[in-house]
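What follows is one structure encoded as structure tokens, with my remarks underneath.
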Amino acid sequence: MKKISITMALASLGALPVAHAQSSVDSSSVTPSSVIVYGLMDAGLVQEGGISKLTSGVSAGSRLGLRGTESLGDGWQAVFTLEAGLLSDTGRSDQAGQLFGRQAFVGLNSPLGMLTVGRQYNLQSQALTDVADPFEGGLAGASTNLAGYSATRIDNTVRYTSPEWRGVTATVMFGAGEHTGVAADQRSLGLALGYVNGPLTLRLARQSRGGEFGKADVNNTILAGNYNFGMATAFAGYGRNTGDGSSMFFAENPYGAAQAPIPSTDSRDAIVGVSVPLGATTLLASFIHKDDRDAANRDAQQLAIGATYALSKRSKVYLAYAYIRNRNDAAYMVGNATEVGSGNRALNIGLRHAF
């Protein structure tokens, strides 16, 4: 990551003459400010559904971001983040071409907590990928292939995170649906309660969204945890999903089932996993069971294994394989951090570099 002084950056770009910046600004009155430029580039070979391809964002989405703070005094800060998704294989924008499609928010951070507004992460999705999943929502073993809610980010949100108290933090997020139909359509509410104590991390999260006209509200809840034993870290999570759109769904009937698939409106997710560091190598494994409670009983199970090798603190290579067993014409597919996949098994090999 690159940290840049605002005043010096503007001066170097010609926005402020250097002499003027030095002579007319009293250094004692300058408000400390900084902007960090950061990013990640990821590219890999993917073999899935009988095809092989080079793709971007296999282990994590490629991105370029700006993160800034300004001290306002008495422990208060103005903060912002702008993060653009990139496709390293083509140079195009990710997230359907949105300029800052990964994150875009501004807010205040203080001893009373942090309040931000903009495009921000779904709380249930964060708990799933950050706490319960050894693959961190990426590679062929991504937990999002089966578990939870498919929308990673939500627009038009107001989010508040409390200060930490004895390892406990609470987060609440409201999203204005800004829908042209019924007022409650597409509005969202997220709640999360986290606890960290040494090697133990726990998080309970719920994300709710108003259903479209004539459809039930969408609710996704997860209890996630991991524990670092030193020689290995164990991961686990259990989720409940209800409502139309509460689980991943592919209307195009990817496996050509005689009876076209319909979305699950009531399901449970169970995930267990492990990561084992062995020097520069980290071994990964997980198992996920999707229990469909609808009459169709379209259950699915995913088994995934993988490994990463750190070339440095910021660069690593990776290898992963996952297989999904679909039952009763379920149509889940093995994807990765940025793609939904095209079959029930996939092999990944690639490289990622953070800066």
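Worth pointing out:
- Within the range 69-106, tally of residues that are surrounded by fewer than 14 Cβ atoms within 10 Å (Cβ to Cβ) and among the acidic types (Asp, Glu): 1
- Residue within the range 145-152 that is open to solvent by 10 Å² or more (accessible area, probe 1.4 Å), among the aliphatic types (A, V, I, L, M), in a strand (DSSP E or B) and touching a residue at least 12 places away in the same chain (Cβ under 8 Å) present: no
- Test: residue in the range 196-213 that is among the hydrophobic types (A, V, I, L, M, F, W, C) and modelled with pLDDT under 95: yes
- Remark: pairs (first residue in the range 85-111, more than 27 Å from residue 71 (Cα to Cα) and without any contact (Cβ under 8 Å) to a residue 24 or more places away in the chain; second residue in a loop (DSSP other than H, G, I, E, B) and open to solvent by 70 Å² or more (accessible area, probe 1.4 Å); Cβ separation under 8 Å; 6+ apart in sequence or on different chains) = 93/99.
- Residues (among the aliphatic types (A, V, I, L, M), at pLDDT 95 or above and under 15 Å from residue 247 (Cα atoms)) located in the range 278-326: 288, 300
- Whether a residue is modelled with pLDDT of 95 or more, part of a strand (DSSP E or B) and more than 30 Å from residue 234 (Cα to Cα) was assessed, and residue 40 does not pass this test.
- Pair list, Cβ < 8 Å and 6+ apart or interchain, from the range 157-173 residues that are modelled with pLDDT under 95 to residues that are open to solvent by 40 Å² or more (accessible area, probe 1.4 Å): none
- Exclusive hit being among the hydrophobic types (A, V, I, L, M, F, W, C) and crowded, with 18+ Cβ neighbours inside 10 Å, set 354, 346: 346
- Looking only at residues of the range 279-327 that are more than 18 Å from residue 46 (Cα to Cα) and of a type in the set (Val, Ile, Thr), we find that the one that is surrounded by the most Cβ atoms within 10 Å (Cβ to Cβ) is 288.
- The listed residue being of a type in the set (A, V, I, L, M), within 22 Å of the chain's Cα centre (by Cα) and open to solvent by 50 Å² or more (accessible area, probe 1.4 Å), out of 334, 340: 340
So that you can scan it fast, the table gives a plain yes or no per residue for (1) over 18 Å from the mean Cα position of the chain (by Cα); (2) assigned to a strand (DSSP E or B); (3) basic (Lys, Arg):
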| position | (1), (2), (3) |
| --- | --- |
| 65 | no, yes, no |
| 72 | yes, yes, no |
| 78 | yes, yes, no |
| 82 | no, yes, no |
| 100 | no, no, no |
| 105 | no, yes, no |
| 117 | no, yes, no |
| 125 | no, no, no |
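- Qualifying residue in the range 117-131 (condition: of a type in the set (S, T, N, Q) and exposed (fewer than 15 other Cβ atoms within 10 Å of the Cβ)): no
The values are calculated or read from the model by the stated rules, or taken from the named source; none is laboratory data. Computed from a predicted model, the values in this text were never measured in an experiment. Please note: Cβ atoms are built from the backbone with ideal geometry, for glycine as well, and neighbour counts cover all protein chains shown. Only protein heavy atoms, including side chains, enter the accessible area calculation; ligands, DNA and RNA are left aside. Shrake-Rupley method; radii C 1.70, N 1.55, O 1.52, S 1.80 Å.
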